[in-house]
């Protein structure tokens, strides 16, 4: 499977969110940057990074940044990742970003996502500027040396190229049907 590469354009989508609304990528066209993060409920890597995702959204919201989490896992094989359980997880954790359900897995396949969490950061013109992991240490937030997503956001917001444009995504594989 090929995935989007830095320099590629974002692929439009419309998906249902845990807020019972449809969310289209076009809804966020006014944002300076959009970070699409393929995610889920059950993966220990996602769970380790969730608080950081919430914090990044909180820290960058006023700068015109929007995180969007998308769960594409097969809920039949992984009931923890069902839409009702997504709603529960978002409420428990107090997600401050949309959490969307890609039930057909069409969007995950189009993006070439393979892991959870996996970041695709787009600039204001919808160009992929960073792809990969959130940072370099899922286990210990205090031991992070490279804040890949934050560094990429800072660069994009300053109109510059991110210092790192691609890292291997670290996490569970997406659970395909």
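Things worth noting here:
- Selection status of residue 103, over 25 Å from residue 162 (Cβ atoms) and out of contact with any strand residue (DSSP E or B) (no Cβ under 7 Å at 6 or more places or on another chain): yes
- Residue within segment 93-101 that is assigned to a helix (DSSP H, G or I) and farther than 14 Å from residue 174 by Cβ present: yes
- Taken over segment 151-164, the criterion of being in contact with a strand residue (DSSP E or B) (Cβ under 6 Å, 6 or more places away or on another chain) and either assigned to a loop (DSSP other than H, G, I, E, B) or free of Cβ contacts under 8 Å to residues at least 60 places away in the same chain (or both) is satisfied by 152, 162.
- All positions within segment 37-63 that are crowded, with 18+ Cβ neighbours inside 10 Å, in contact with a helix residue (DSSP H, G or I) (Cβ under 9 Å, 6 or more places away or on another chain) and over 19 Å from residue 168 (Cα atoms): 41, 56, 60
- Residue 42 under 16 Å from residue 176 (Cβ atoms), touching a residue at least 12 places away in the same chain (Cβ under 8 Å) and more than 15 Å from the chain's Cα centre (by Cα): yes
Residue by residue, here is whether (1) in contact with a helix residue (DSSP H, G or I) (Cβ under 7 Å, 6 or more places away or on another chain); (2) in contact (Cβ under 8 Å) with a residue 40 or more places away in the chain; (3) crowded, with 16+ Cβ neighbours inside 10 Å; (4) under 20 Å from residue 15 (Cα atoms) holds:
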| site | (1), (2), (3), (4) |
| --- | --- |
| 65 | yes, yes, yes, yes |
| 81 | no, yes, yes, yes |
| 87 | no, yes, yes, yes |
| 97 | yes, yes, yes, yes |
| 104 | no, no, no, yes |
| 108 | no, yes, yes, yes |
| 125 | no, no, no, no |
| 134 | yes, yes, yes, no |
| 149 | yes, yes, yes, no |
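- Conditions (1) within 22 Å of residue 132 (Cβ to Cβ); (2) out of contact with any helix residue (DSSP H, G or I) (no Cβ under 6 Å at 6 or more places or on another chain): number failed by residue 27: (1)
- Every condition in (1) under 19 Å from residue 105 (Cβ atoms); (2) within 14 Å of the chain's Cα centre (by Cα) is met by residue 50 except one, and the failing one is (1).
- Per the conditions (1) in a helix (DSSP H, G or I); (2) closer than 30 Å to residue 77 by Cα, the sole criterion not satisfied by residue 175 is (1).
Read the figures in this text as sums done on the coordinates, not as results from a lab. If you're wondering where the values come from, they're calculated on a predicted model, not measured in any experiment. All Cβ positions, even for glycine, are placed from backbone atoms using ideal geometry, and neighbour counts span all protein chains on display.
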